[in-house]
Amino acid sequence: MYTDKQEIISFFKSLQDRICQQLEAADGGGKFQEDAWERPGGGGGRTRILQGKRIAKGGVNFSAVHGEMPERITRALGVEPGHFLATGVSIVQHPVSPLVPIIHMNVRYFEMENGLYWFGGGIDLTPHYIDKPDARYFHEQLKAVCDRHHPEFYPRFKKWADDYFYLKHRKETRGVGGIFFDRLNEENEGLSKEAIFAYVKEVGELFAPTYSELIARNQDKPYGERELSWQALRRGRYVEFNLVWDKGTKFGLDTDGRTESILMSLPPVAHWEYSHQPEPGSPEQQTLDLLKKNIDWLSVTD
């Protein structure tokens, strides 16, 4: 059965619906507000924002944009000029509690009128305070999905995430990583379009139950001003990555996407304290010590 663009768009729309329902249940109070929008050059999307009981600011975006590819994007992607379609779901959740992690997911599809296509996406976790059992649980869920589709997916995409979600100017990872993949197609992977789409779908469906579990584990843990101050500093690092390094942000802005939807990934409040140095041996320093590439989170001990 051939997978066409309408089937992919319909799946991403329905995925947005299911994730929003599950996140509302996990939040226990808030409701998503929807903002439908149209792109002047073609297409549009649905931006949904939750400001709730446990999620301070959460965005779940669907978009399907099309039209003539801007010249700067054709150069950046190394493709021929022409009409394009880009569709997907993009999510960032900033929790109220500093003991609940920030999470991001993106699953997407891109095609050109000449038949070129690829899938991309990934999930990564950014704890304000790294909890090793939570990091291990998160990576176990990712590995299980990857292993059902290809034995090389998890180690390959885990390394890709370590390299991608990295603040070069800070020499630290954004969090405990996850998986990241791009340009998956029949030519590059030796898998059919249907097989790659099946993998992308399962990654998308993994998001809500995994994050709901992490919220439930940590939502009732006590915290105070110290933890909130650290949360604001870590949110600042998140802003730095998304504005300086993230390719999705650049793609959205360069294709004249909707600015509010593109920047929904930013937290409601973030701080930058000049030359902040945590106390040696503190929980904050312990987290910084773990913001490194190539940690095997599946085998970390508590």
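The values are calculated or read from the model by the stated rules, or taken from the named source; none is laboratory data. The structure presented is a predicted model; accordingly, all values stated were derived computationally and were not measured. Positions of Cβ are backbone-derived with ideal geometry, glycine not excepted, and every protein chain shown enters the neighbour counts. Each accessible area value is taken on the protein alone, full model and side chains, heavy atoms only, with ligands, DNA and RNA left out. Shrake-Rupley method; radii C 1.70, N 1.55, O 1.52, S 1.80 Å.
Observations on the structure shown:
- Among (1) 21.6, 66; (2) 18.8, 59; (3) 17.6, 51, the entry derived from the coordinates for Rg and Dmax of the Cα atoms in Å: (2)
- Residues whose amide H lies under 5 Å from that of residue 43, counting only those 5 or more places away or on a different chain, are 66; hydrogens are built 1.01 Å from N in the peptide plane.
- On the beta carbon distance between residue 21 and residue 233, with R0 = 45 Å, the FRET formula returns roughly 0.85.
- Phi angles across the stretch 295-302 convert, under the Karplus curve 6.51 cos²θ - 1.76 cosθ + 1.60 with θ = phi - 60°, into 3J(HN,Hα) values of 7, 7, 5, 6, 10, 5, 9, 5 Hz, Gly and Pro given as x.
- Note on the stretch 94-185: with charges restricted to the Cβ of Lys and Arg (+1) and Asp and Glu (-1), its dipole about the Cα centre is near 260 debye.
- For the residues 261, 10, a 1.4 Å probe over the protein chains yields an accessible-area ranking, largest first, of 10, 261.
- Distance from the stretch 114-192 to the stretch 265-292 (C-alpha centre basis), Å: 23 Å
- Label sites at residue 7 and residue 33, each approximated as a point 7 angstrom past Cα along Cα to Cβ, lie 3.8 nm apart.
- Cα pair distances of the stretch 63-114 binned at 10 Å [whole percent]: 22, 36, 22, 15, 6
- Gyration tensor verdict on the stretch 198-285 (Cα atoms; rounded if a/c is under 1.5, prolate if a/b is larger than b/c, oblate otherwise): oblate
- Farthest towards the positive end of the charge dipole of the chain, among the residues 61, 32, 181, is the Cα of 32, using unit charges on the Cβ of Lys, Arg, Asp and Glu.
- For the stretch 102-151: rounded, prolate or oblate by the Cα gyration tensor [a/c cutoff 1.5]: oblate
- Rounded to the nearest 20 debye, the dipole size of the chain about its Cα centre is 480 debye, using +1 on the Cβ of Lys and Arg and -1 on the Cβ of Asp and Glu.
- Cα-Cα pairs of the stretch 28-80 separated by more than 13 Å (percent): 67 percent
- Size of charge dipole - the stretch 2-82 - debye, nearest 20, with Cβ of Lys, Arg +1 and Asp, Glu -1, no other charges: 400 debye
- Residue 245-residue 137 FRET efficiency (beta carbon distance; Förster radius 41 Å; 0.05 resolution): 0.95
- Rounded, prolate or oblate (a/c below 1.5 giving rounded, otherwise prolate when a/b exceeds b/c) for the stretch 40-151 by Cα gyration tensor: oblate
- Qualifying aspartates and glutamates (Cα of each under 15 Å from Cα of residue 193; at least 8 residues distant if same chain): 4, 7, 111, 182, 202
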